[in-house]
Amino acid sequence: MVVFGAAFVSDRSRELGEAFGSMSWGLVTAAAVPAAVNILLGLLAWRAMLADLGAPLSRRVASRVFLLGQLGKYLPGSVWSFIAQAELARDYSVSRKITFVGSILGLLIAVGTGVVTACVTLPFGGADALARYWWVVLVVPLGMAVLHPRVVGPLLDRVLRFLGRGPLERRPSFRGMLTAGGWYFLGWLALGMHCWLLMLASGAPAGQALPVAVGGLALAFCLGVLFLPAPAGAGVREIVLVLVFASVLAPAEALAIALVSRIMLTVLDFVLAGAAWQLNRPTRVHATTEGT
């Protein structure tokens, strides 16, 4: 995947240079705001999921665990961020089991809401959009069935039993999953606005670009997550974006947007993680005793 992506970019280096040169960098800069909002909304969704499982965390603590832990997604495989979050949460008396399950549920809800977002928005991006992405619609009923609390709770307990762990003390509830889902829906809209501003920076028509940006980026993220070997969906997301954006932009412009989005979101992940670490650094207390 990496070799294919590098060859794809190399073959279009001249067109890419022209696409980058024609972008409005004021709009590119503005696109960082909804991108950061998307990451923070993901934090709120994850926090709501943990609270529903019986492990409420303050916003400050949740930001440290979630934002620092999610940097693990940049390692090959999708499990490292969950492991990191589980280890970090132990510092606040939250069991690895609850954190790991909460993170897995959060990912499943994120993918489910992302697919729904793509199904709702992509048909407005062109007459042939539904014909191209009809298969996405088929995933929605399956996802809703699996994520139903009466299904996912017993399913999680069976998986935990298979792994030699005890069942969940509290199973996920309708309210908790709806709350997390609501935050994720807002996150997809924010991420779509980020991509929409990048598309406007490349000269895309505003009205047609909006549903393509929201639905296309949601679909690309979901497919990237499902391709487990790729760190943070690297390569998969960019390929999907180029294909989806073809109805609005030239391939070189679509690829330029995909690369700028990737770089911007990566930088923001590390910046927000650094801010969370700085805000949550333990205060060093120098103890003194008599006679010393």
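The values are calculated or read from the model by the stated rules, or taken from the named source; none is laboratory data. Remember, it's a predicted structure, so these values are computed and weren't measured experimentally. Neighbour counts run over all protein chains shown; Cβ positions are idealised from the backbone, glycine included.
Worth pointing out:
- Scanning segment 80-94 for residues that are surrounded by fewer than 17 Cβ atoms within 10 Å (Cβ to Cβ), over 13 Å from S63 (Cα atoms) and of a type in the set (S, T, Y) gives a single hit, S93.
- Among (1) surrounded by fewer than 24 Cβ atoms within 10 Å (Cβ to Cβ); (2) more than 20 Å from F66 (Cα to Cα) - the single one R262 does not satisfy: (2)
- Test: V212 is surrounded by 24 or more Cβ atoms within 10 Å (Cβ to Cβ) and either at pLDDT 95 or above or outside any loop (DSSP other than H, G, I, E, B) (or both): yes
- On the stretch given as segment 238-249, residues that are at pLDDT 85 or above and surrounded by fewer than 17 Cβ atoms within 10 Å (Cβ to Cβ) total 1.
- Of all residues in segment 42-73, those that are farther than 21 Å from W188 by Cβ and not small (G, A, S) total 10.
- Checked against the criterion of being closer than 30 Å to F82 by Cα, at pLDDT below 90 and over 18 Å from the mean Cα position of the chain (by Cα), the candidates P231, P282 yield just one match: P282.
- Among the residues making up segment 169-199, those that are farther than 14 Å from P211 by Cα, part of a helix (DSSP H, G or I) and over 18 Å from the mean Cα position of the chain (by Cα) are F174, R175, G176.
- Flag for L160 being at pLDDT 80 or above, surrounded by 11 or more Cβ atoms within 10 Å (Cβ to Cβ), over 21 Å from A45 (Cβ atoms) and touching a helix residue (DSSP H, G or I) at 6+ places or on another chain (Cβ under 8 Å): yes
- Among the residues making up segment 25-43, those that are more than 11 Å from C195 (Cα to Cα), among the aliphatic types (A, V, I, L, M) and crowded, with 20+ Cβ neighbours inside 10 Å are I39, L41, L43.
- Inclusion of L191 among residues that are touching a Pro at 6+ places or on another chain (Cβ under 8 Å) and within 16 Å of L41 (Cβ to Cβ) is warranted.
- Where G106 falls short, out of the listed (1) in contact with a Lys or Arg (Cβ under 7 Å, 6 or more places away or on another chain); (2) under 25 Å from M144 (Cα atoms): (1)
- Of the residues making up segment 53-66, one or more are touching a residue at least 24 places away in the same chain (Cβ under 8 Å), of a type in the set (D, E, K, R) and loosely packed, with under 14 Cβ neighbours inside 10 Å.
- G112 falls short on exactly one of the conditions (1) closer than 19 Å to H148 by Cα; (2) out of contact with any Cys (no Cβ under 7 Å at 6 or more places or on another chain); (3) at pLDDT 90 or above, and that condition is (3).
- The residues of segment 73-99 that are closer than 25 Å to V267 by Cα and either under 14 Å from the mean Cα position of the chain (by Cα) or modelled with pLDDT under 90 (or both), listed by number, are K73, Y74, L75, P76, G77, S78, V79, W80, S81, F82.
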